[in-house]
Amino acid sequence: GNSVTQMEGPVTLSEEAFLTINCTYTATGYPSLFWYVQYPGEGLQLLLKATKADDKGSNKGFEATYRKETTSFHLEKGSVQVSDSAVYFCALRGYSGGGADGLTFGKGTHLIIQP
Amino acid sequence: GAVVSQHPSRVICKSGTSVKIECRSLDFQATTMFWYRQFPKQSLMLMATSNEGSKATYEQGVEKDKFLINHASLTLSTLTVTSAHPEDSSFYICSALLERGGLRGQYFGPGTRLTVL
């Protein structure tokens, strides 16, 4: 079946530091890959996505590249801000399980940015 | 746009009672909604796919008689936890699938914290 593994947190960084949150996956076929962000007290929001190998998703200064050869989708940002503090989930959409669009999530990484 | 709400946000109930959780897409219609469950420090686990006008599709290991799903309209899906027990205590999150103008994606509700005493 499908699975997603992401680095466990919390990850604590200073403002303007470089961020990497690792994510690797196992899946059959050609899944789509996503990063979701959950701010305190809010629902999950799509941050970025990539639907095929070598695609790069980007949004709000965050980037992730779909690497099929390493089955990875690491999230990066060059200079983080305090407002980036949140929980980040890596996810994939494949075709195992009941629904074609049901997502498989990683455990989430809690990111804390200190001023 | 693409806002999804859940009600209630938090519920505490006694063991043996049933609890209904609502998921609404506020500004779009969704023929497909999803229900997830999240344990502390664990990932979201897909429970079932809710299809408007038809039966829900449950993931392996999820009891359909325990977790009743009704998707009666294009903007509302409900999850009823029947005869709740303490092990059903969890964070339940729904999402609605938006398909409009070539855009496709799941939009998530804020979640419902269920505590069964």
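Across B:48, B:72, B:96, mean-square fluctuation computed from a Gaussian network of chain B (C-alpha pairs under 10 Å connected) peaks at B:72. Normalised by 2.2 N^0.38 Å, where N is the number of residues, the C-alpha radius of gyration of the stretch A:1-86 stands at 1.10. Per residue, how large is the accessible surface of the stretch A:1-106? Use a 1.4 angstrom probe and give square angstrom. Roughly 46 Å² per residue, with all protein chains present.
With loop membership from DSSP and a limit of 15 other Cβ atoms within 10 Å, the longest segment of chain A without trypsin sites (Lys or Arg not before Pro) is A:1-51. With the convex hull of the Cα atoms taken as the outline of the stretch B:1-102, the averaged projected area works out to 7.0 nm².
With Rh defined as the Kirkwood radius, the inverse of the mean 1/r over Cα pairs, the Rg/Rh of the protein assembly as shown is 0.97. Just in the stretch A:7-115: which GluC sites (Glu not before Pro) are loop by DSSP and have at most 14 other Cβ atoms within 10 Å? Here the GluC sites (Glu not before Pro) that fit, given the DSSP loop and packing criteria, are A:8, A:15, A:16, A:42, A:69. The Cβ shell under 10 Å around residue A:102 holds other residues with a net charge of -1, Lys and Arg each +1, Asp and Glu each -1. Projecting the Cα positions of B:82, B:61, B:12 onto the charge dipole of chain B (unit charges on Cβ atoms of Lys, Arg, Asp and Glu, taken about the Cα centre) puts B:12 furthest along the positive direction.
Interface size, chains A and B: roughly 1400 Å² of accessible area buried, both sides included, 1.4 Å probe, rounded to the nearest 100. When B:100, B:113 are compared by accessible area of protein heavy atoms, the largest-first order is B:100, B:113, using a 1.4 Å probe. For chain B, the relative contact order works out to 36 percent when only alpha carbon pairs closer than 8 Å and six or more residues apart are counted. Positive end of the dipole of the stretch A:1-111 (Cβ unit charges, origin at the Cα centre): among A:83, A:6, A:39, the Cα lying farthest that way belongs to A:6.
For residue A:107, the aspartates and glutamates whose Cα falls under 15 Å of its own Cα, not counting residues fewer than eight places away in the same chain, are A:8. About the centre of its Cα atoms, chain A shows a dipole size close to 320 debye [charges on the beta carbon of Lys, Arg (+1) and Asp, Glu (-1) only; nearest 20 debye].
The distance from the alpha carbon centre of the stretch B:58-105 to that of the stretch B:3-33 is 8 Å, rounded to a whole number.
Across the accessible surface of the protein assembly as shown, with the other protein chains kept in place and a 1.4 Å probe, carbon and sulfur atoms take up 50 percent.
The chymotrypsin sites (Phe, Trp or Tyr not before Pro) found in the stretch A:1-88 that occupy coil by DSSP, while having at most 14 further C-beta atoms within 10 Å, are A:18. Cross-linked pairs A:68/B:64; A:60/B:20; A:60/B:41; B:20/B:41; A:60/B:55; A:60/B:66: Cα-Cα separations exceed 30 Å for A:68/B:64; A:60/B:20; A:60/B:55; A:60/B:66.
The values are calculated or read from the model by the stated rules, or taken from the named source; none is laboratory data. Just so it is clear, the model here is predicted, and its values are computed rather than measured. So basically every Cβ, Gly included, is an ideal-geometry build from the backbone, and we count neighbours across all protein chains shown. Heavy atoms of the whole protein, side chains included, go into the accessibility calculation; ligands, DNA and RNA do not. Shrake-Rupley method; radii C 1.70, N 1.55, O 1.52, S 1.80 Å.
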